[in-house]
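For reference, the structure is listed below as structure tokens.
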Amino acid sequence: MRITLAKTAGFCFGVDRAVNMAYEIADKGIDAATLGQLIHNTYVTNRLAERGVGIIDSPSQSHEGQTVIIRAHGVSESVYDELINVGAVICDATCPFVKKIHNIVEENSSEDIPVMVAGDPNHPEVMGITGHCKGEVFVFNSAEELQKILSENKELCQKRTIIVSQTTFSQNIWKICKEKIKIDCTNAKIFDTICFATRKRQDEAEELSRKSNLMIIIGGRHSSNTVKLKSVCEKNCETYLVERAEELKTINFSQCAEIGVTAGASTPSAIIKEVLLAM
């Protein structure tokens with residue numbers, strides 16, 4: 001049996017940056033909390049909690065002088081305003097690639113220029129992006145949802161429209177949607193905002209899955225990029241998503257000569273090592 005770990009497995013730049021910023025604050029013993037989970041990984045959030053950095057769910061749960069860490073997914077403009085009104089100290093750990101999308105929609109949208117966002121409408125990153133738009137916003141998570149939006153809002157096909165995507169959106173679905181938009185929306189301006197690290201991770205996962213009898217994806221079940229990796233791989237071979245090493249016990253490896261392993265952008269190296277050692 002040969003086990004191959006993808007080169008791109010584990011923390012991406014944005015997540016690594018956010019975690020390091022939070023640990024630095026924790027080491028200083030500052031009164032601090034993250035606004036929502038810093039990243040989609042309970043191992044990291046538990047370690048921060050042990051070091052005194054808990055989680056708050058809204059700006060109203062903060063207080064004057066408390067340092068509030070904005071998670072890597074980013075937040076809407078109104079959240080910054082609420083934190084300032086409370087008197088909190090803001091530590092902005094928003095991923096720079098997500099922040100770039102915020103700037104795009106802030107600078108290009110208006111009451112007359114709507115924005116269409118490719119992504120999960122319930123994902124924190126997408127909620128943050130829509131909160132920086134200045135006019136109408138439409139969110140679609142598939143080519144079918146895009147078609148429905150265009151059918152129900154025919155004026156979008158003539159309007160100047162801004163198109164962006166969640167940084168972890170599926171490359172394959174994005175390509176299909178872009179072609180649809182180019183045909184139907186002649187005045188649309190499309191920005192390719194899928195993160196380069198996400199693209200590379202998905203490409204490598206797909207290539208590795210074609211060579212493997214079985215794929216193991218390590219990461220949180222609520223992590224968008226981890227779920228996308230599973231979706232990419234399971235088209236080519238049997239694929240399992242695990243959060244910790246103990247979940248491997250339910251998987252039968254006996255008939256596997258080649259096993260591929262990759263991990264989501266929110267998966268710490270310690271968890272990856274734990275899973276590989278168990279295997």
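Each reported figure results from applying straightforward, stated rules to the coordinates on display, with no laboratory input. The structure presented is a predicted model; accordingly, all values stated were derived computationally and were not measured. Cβ sites come from the backbone with ideal geometry, for glycine too, and all protein chains shown count toward neighbours.
Computed from the C-beta positions of Arg51 and Cys157 and an R0 of 41 Å, the FRET efficiency is 0.20 to the nearest 0.05.
Over the stretch 95-171, Cα pairs under 8 Å with separation of 6+ residues give a relative contact order of 40 percent. Can you tell me which aspartates and glutamates have their Cα less than 13 Å from the Cα of Lys148? Leave out same-chain residues fewer than eight positions away. Of all the aspartates and glutamates, those that pass the test against Lys148 - Cα under 13 Å, at least 8 places apart if same chain - are Asp184. Quick one: net charge around Ile173, please, counting Lys, Arg +1 and Asp, Glu -1 for every other residue with C-beta under 12 Å from its C-beta. My count for the surroundings of Ile173 gives 0.
Mean residue ellipticity at 222 nm, helices only, the chain: -12500 deg cm²/dmol; runs of at least 4 DSSP H residues each add -39,500 (n - 2.57), and the sum is divided by the number of residues.
Fully extending the segment from Glu207 to Ile183 would add 5.6 nm, taking 0.36 nm per residue of separation and subtracting the current Cα-Cα distance. Distance from the Cα centroid of the stretch 27-52 to that of the stretch 201-279 is 26 Å (rounded to whole angstrom).
The Cα center of the stretch 69-91 and the Cα center of the stretch 179-194 differ in position by 31 Å. I'd like the Karplus ³J(HN,Hα) series for the stretch 113-123: coefficients 6.51, -1.76, 1.60, θ = phi - 60°, whole numbers in Hz, and an x wherever there's a Gly or Pro. With coefficients 6.51, -1.76 and 1.60, one gets 10, x, 10, 10, 10, 8, x, 7, x, 9, 7 Hz. Peptide packing for 235-246, 61-72 was compared via the average number of neighbouring C-beta atoms within 10 Å per residue; ordered from the highest value, the list is 61-72, 235-246.
Structural descriptor for the chain: relative contact order 21 percent, calculated from alpha carbon pairs under 8 angstrom and at least 6 residues apart.
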